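What follows is calculated from the coordinates using simple rules that are stated; it is not laboratory data. The structure presented is a predicted model; accordingly, all values stated were derived computationally and were not measured. Every residue, glycine among them, receives a Cβ derived from its backbone with ideal geometry; neighbour counts consider all protein chains shown.
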Amino acid sequence: MVSLDFPKHKQSRLLPFISKNKLQSKVVLLDDADENYWINDINANWSGAIPATLIYNSQKRDFYERSFTKNELLNLVESFNP
Amino acid sequence: MKSILILFSSLLFLTHNHGYKIGDVATDFSLPSVNAKMVSLADYDQAKGFIIIFTCNTCPYSIAYEDRINALDAQYKPKGYPVIAINPNDPAAKDGEHLTDMKQRALKKGFTFPYLQDKGQHIYPKYGATRTPQVFILEKQERGNVVQYIGAIDDSSRNPEKVSKRYVEEAVNALLSGQKPKVNTTKAIGCSIKTL
């Protein structure tokens, strides 16, 4: 999980959010400023709106600039598994 | 087979669409503002163009730019490029985005520019806005208000002290001197526009 929250909100918002939602996955705070540079590197079709999701394996790579329900996301990840 | 799932997130949501490209003529509108007036681009007969900013009350990225948006208006309204801010979010889809909330925010931050509600959400899809904040700089020409820049305000949303590229200032300065902006499209992280 890549958080694009504000570094100044790490203690007040991000860490409480992780605890409250019991997030198990690794969470990194991406605070690189030059967004115009790295957004295109992640996916050229990404406008920069969040949330956005990248799913990939050795054969397939898809990018979604939208939100999902839990079931939609589970089904999508499932579709990547043969 | 192992799949890797990466989510880029803050605490928020989104939609996708196409919209204007550089050189397209942008639509005018008549939208309610926080001071109870309806506002249209046609009201500004003295303007040379417009800095249209889709922004909102609740997105941390929008909030981080409020002072910088006031500064842009102070700098460019006297030169003929006023800021017009439009909130594209559906207040039914997100708390804190009603016109009454917008009035409070405008008052608290001393907005010097019109802050409009995209009532019915008909305008932002035409522009192709996907996030807040997102800027469209329009230049008034004979054929209409022509899109000359789409993108970010500058290159450091989350830390105003680290700004090194002031995209909107550079684009408007170019237009004021009769040039085309050197950089006319940029990307930045922002909050998805909220719809039901």
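So here's what we get for this one:
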{"quantity": "Subset of the stretch B:174-186 [in a loop (DSSP other than H, G, I, E, B), within 13 Å of chain A (Cβ to nearest Cβ) and among the hydroxyl-bearing types (Ser, Thr, Tyr)]", "calculated": "B:186"}
{"quantity": "Tally of residues being over 12 Å from the mean Cα position of the chain (by Cα) and farther than 13 Å from residue B:116 by Cα across the stretch B:48-60", "calculated": "5"}
{"quantity": "Qualifying residue in the stretch A:14-33 (condition: outside any helix (DSSP H, G or I), touching a Phe, Trp or Tyr at 6+ places or on another chain (Cβ under 7 Å) and at the interface with another protein chain (Cβ under 7 Å from one of its Cβ atoms))", "calculated": "no"}
